[in-house]
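Peer 1: Sharing a structure here in structure tokens format.
Nothing in this text is a laboratory measurement; each read-out follows from the coordinates by a stated rule. Just so it is clear, the structure is predicted and the values come from calculations on it, not from any experiment. Quick reminder, even Gly has a Cβ in these numbers, built from the backbone with ideal geometry, and neighbours come from all protein chains shown.
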Amino acid sequence: MQISEFRQHAHQLVDWMADYLTNLEQYPVRSTVQPGDIIGQLPASPPATGEAFADIFRDFQQVIMPGMTHWQHPAFYAYFPANSSPPSVLAEMLTATLGAQCMIWQTSPAAAELEERMMHWLAQLCGLPAAWHGVIQDTASTATLCALLTARERWTNHRINEWGFGTEKFAIYGSTETHSSLEKAVKIAGFGRQALRKIAVDQAFALRPDELAAAIQRDIAAGIHPLCVVATVGTTSSTAADPLRAIGAICQQYGAWFHVDAAYGGSAAVLPECRPLFDGLELADSYVFNPHKWMLTNFDCSAYFVRDKAALLRTFEIMPEYLKTATDEQVNNYRDWGVPLGRRFRALKLWFVLRSYGADGIQAHIRRHNRLARYFEQALLADGRFEILAPVNLNLVCFRYAPGHLAEAELEVANAQLMERINHSGQAFLSHTRLRGKYTIRAAFGQPTVEQSHVDQLLGLLREHL
């Protein structure tokens with residue numbers, strides 16, 4: 001493609017993008033295609049010769065778009081949001097154009113230094129300890145793996161990196177509500193799934209410190225080292241917040257690494273009224289939250305902070321001759337701060353977003369969602385036919401249709417059918433979980449354009465499809 005053609009098609013795509021964002025509500029929220037519908041329209045073999053861009057873009061609209069679920073739709077309530085915003089999209093366009101591989105300072109000094117400053121900005125916005133060091137990872141799953149690997153190497157004085165596992169036995173702890181990425185990280189890091197301890201939760205679905213301490217004591221008595229405890233602020237099922245201060249004190253007592261996963265809930269730390277959920281965070285050894293979930297920043301952008309930068313670097317640092325540079329002692333080479341060598345220029349979109357909205361704009365964005373969740377909760381309670389199954393800590397409401405005349409088994413069927421009727425309508429998209437064994441419908445209010453009118457429409461859909 002010649003640059004003159006690129007310019008023409010780029011303008012065409014930007015016009016389409018603006019129209020898409022303007023007319024988003026005209027699309028069904030969830031794709032209505034059936035399995036195989038899309039792949040059946042794609043040729044089995046690649047083209048022998050290049051095709052015209054007009055044909056490619058036509059197929060994008062006719063083949064690909066019908067198979068898309070629209071995450072930015074204001075009636076998308078199914079999962080925690082994957083926020084996007086015009087400034088972030090524009091930054092992604094520039095990132096793609098630059099095509100920079102930002103593995104070390106020398107390969108793009110601006111990328112490294114902008115990332116360093118953006119992590120300072122996020123720490124200030126969220127009230128994080130000034131002494132912490134931050135890096136942008138791709139996802140919270142990667143950050144949690146980094147935490148486990150660093151904890152492993154710190155305890156063994158980096159012996160496992162050098163010689164592999166010996167006879168030592170480790171245990172890793174999280175609540176029964178902890179994200180599944182912890183179990184995956186435990187497997188990848190070589191501990192084995194049997195090393196994971198799932199600790200009971202209280203009535204608010206938060207980890208019980210007494211149960212944690214008892215589990216650690218049992219492991220110590222059995223010759224097993226309590227390596228790492230993962231606490232959560234904003235669990236996936238219910239946005240529960242584990243008691244960080246009590247957990248941190250237990251970690252200090254037994255020498256366990258303390259990792260806090262606030263992948264979703266961490267953005268709420270920009271609000272003074274939400275800071276109590278993070279009480280005791282300063283005790284953590286590592287911490288992660290995702291601006292790409294609730295802070296108007298396109299996926300992927302996960303903010304990972306550590307207390308001990310040296311332990312992180314020693315865990316991941318590899319120094320082949322071809323990566324050594326004269327500036328290594330003066331700069332952050334972020335290739336040494338995590339698993340991948342290659343790195344995207346993620347800091348640029350974060351910079352665009354933070355400058356475009358400012359602290360006030362981001363606070364208003366998150367505060368509005370929390371307010372809408374409470375509005376929805378109160379409307380369900382006023383209806384009298386619904387039950388709230390978890391505290392509404394942030395912007396997620398966990399509920400079910402619960403008329404008094406239905407048995408528990410009938411309630412499960414009724415709620416599953418209610419949710420599927422609404423999802424099939426294309427007018428809203430909900431998801432479910434289980435809380436204390438009960439089939440629970442989740443509604444997360446986190447899209448950039450969701451307003452009270454959309455919440456009222458959802459309430460109408462619930463009543464219509466009962």
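Peer 1: What length, rounded to one decimal in nm, is gained on full extension from Phe165 through to Asp456, with 0.36 nm per residue of separation minus their alpha-carbon distance?
Peer 2: Numbers: separation 291, 0.36 × 291 = 104.76 nm, distance 5.63 nm.
Extra length available between Phe165 and Asp456 comes to 99.1 nm.
Peer 1: Report which label in [x] 68, 58, 47; [y] 61, 55, 44; [z] 93, 64, 47 holds the value of Cα extents along the principal axes in Å derived from the coordinates of this structure.
Peer 2: [x]
Peer 1: Would any residue of the stretch 52-69 have its amide N under 17 Å from a label point 7 Å out along Cα→Cβ of Glu5? List them or say none.
Peer 2: 52-60
Peer 1: Something else: DSSP beta bridges in the chain, what fraction antiparallel, as a percent rounded to 5?
Peer 2: Expressed as a percentage, antiparallel bridges in the chain total about 60.
Peer 1: Antiparallel as a % of all DSSP beta bridges within the stretch 101-344, to the nearest 5? Please report the intermediate quantities before stating the final value.
Peer 2: Values: 11 of 27 bridges.
Of the beta bridges lying entirely in the stretch 101-344, close to 40 percent run antiparallel.
Peer 1: If you rank Trp132, Trp16, Trp71 by fewest surrounding Cβ atoms within 10 Å, what's the result?
Peer 2: Numbers: Trp132 21, Trp16 13, Trp71 16.
Lowest to highest Cβ neighbour count: Trp16, Trp71, Trp132.
Peer 1: Which FRET efficiency value, to the nearest 0.05, do you get for Asp360 and Leu21 by plugging their Cβ-Cβ distance into 1/(1 + (r/R0)^6) with R0 = 25 Å? Write out the running numbers ahead of the final one.
Peer 2: Details: r = 23 Å, r/R0 = 0.90.
Once the sixth-power term is evaluated, E becomes 0.65.
Peer 1: Okay, moving on. Do you know the Lys pair count in the stretch 101-344 for C-alpha distances under 21 Å, with sequence separation 8 or more or different chains?
Peer 2: Details: Lys169/Lys184; Lys169/Lys187; Lys169/Lys198; Lys184/Lys198; Lys184/Lys293; Lys187/Lys198; Lys309/Lys324.
Counting lysine pairs in the stretch 101-344 gives 7.
Peer 1: What is the magnitude of the charge dipole of the stretch 160-280 about its Cα centre, with +1 placed on the Cβ of each Lys and Arg, -1 on the Cβ of each Asp and Glu, and no other charges, expressed in debye to the nearest 20?
Peer 2: The dipole magnitude comes to about 240 debye.
Peer 1: Sort the following peptides by mean Cβ neighbour count (other Cβ atoms within 10 Å, averaged over residues), highest first: 256-265, 386-395, 423-432.
Peer 2: Highest-to-lowest ranking by the protection proxy: 256-265, 386-395, 423-432.
Peer 1: A further question follows. Multiplying the sequence separation of Asp55 and Thr325 by 0.36 nm and subtracting their Cα-Cα distance, what value in nm do you get?
Peer 2: 92.6 nm
Peer 1: What FRET efficiency would be calculated for the residue pair Thr97, Trp71, taking the C-beta separation as r and a Förster radius of 25 Å, to the nearest 0.05?
Peer 2: Working from the Cβ atoms, E equals 0.55.
Peer 1: Right, next: Could you grab the relative contact order for the stretch 129-197? Cα pairs under 8 Å, six or more apart, rounded to a whole percent.
Peer 2: Details: 44 pairs, mean separation 23.6, N = 69.
Over the stretch 129-197, the number comes to 34 percent.
Peer 1: Let me ask something else about it. Taking the beta-carbon count within 10 Å as an exposure proxy, list Glu317, Glu162 from fewest neighbours to most. Intermediate values should be presented prior to the final figure.
Peer 2: Details: Glu317 13, Glu162 9.
Going from least to most buried by this count: Glu162, Glu317.
Peer 1: May I pose another question? Ranked by Cβ crowding within 10 angstrom, fewest neighbours first, how are Glu412, Glu451 ordered?
Peer 2: Lowest to highest Cβ neighbour count: Glu451, Glu412.
Peer 1: For the chain, build the charge dipole from Cβ charges (+1 Lys, Arg; -1 Asp, Glu) around the Cα centre, then report which of Leu277, Ala382, Gln457 sits farthest towards its positive end.
Peer 2: So the residue we want is Leu277.
Peer 1: Calculate, for Lys198 and Gln378, the FRET efficiency according to 1/(1 + (r/R0)^6) with r their C-beta to C-beta distance and R0 41 Å; round to the nearest 0.05.
Peer 2: 0.80
Peer 1: How fast does the stretch 17-67 diffuse by Stokes-Einstein, in µm²/s, taking the Kirkwood radius from C-alpha pairs at 37 °C and 0.692 mPa s?
Peer 2: For the chosen part, D equals 254 µm²/s.
Peer 1: Roughly how big is the chain's charge dipole about its Cα centre, with Cβ charges of +1 (Lys, Arg) and -1 (Asp, Glu), in debye to the nearest 20?
Peer 2: 700
Peer 1: Let me ask something else. Once every Cα of the stretch 101-344 carries one equal point scatterer and solvent is ignored, give the base-10 log of I(q)/I(0) from the Debye formula at q = 0.17 Å⁻¹, two decimals.
Peer 2: -1.29
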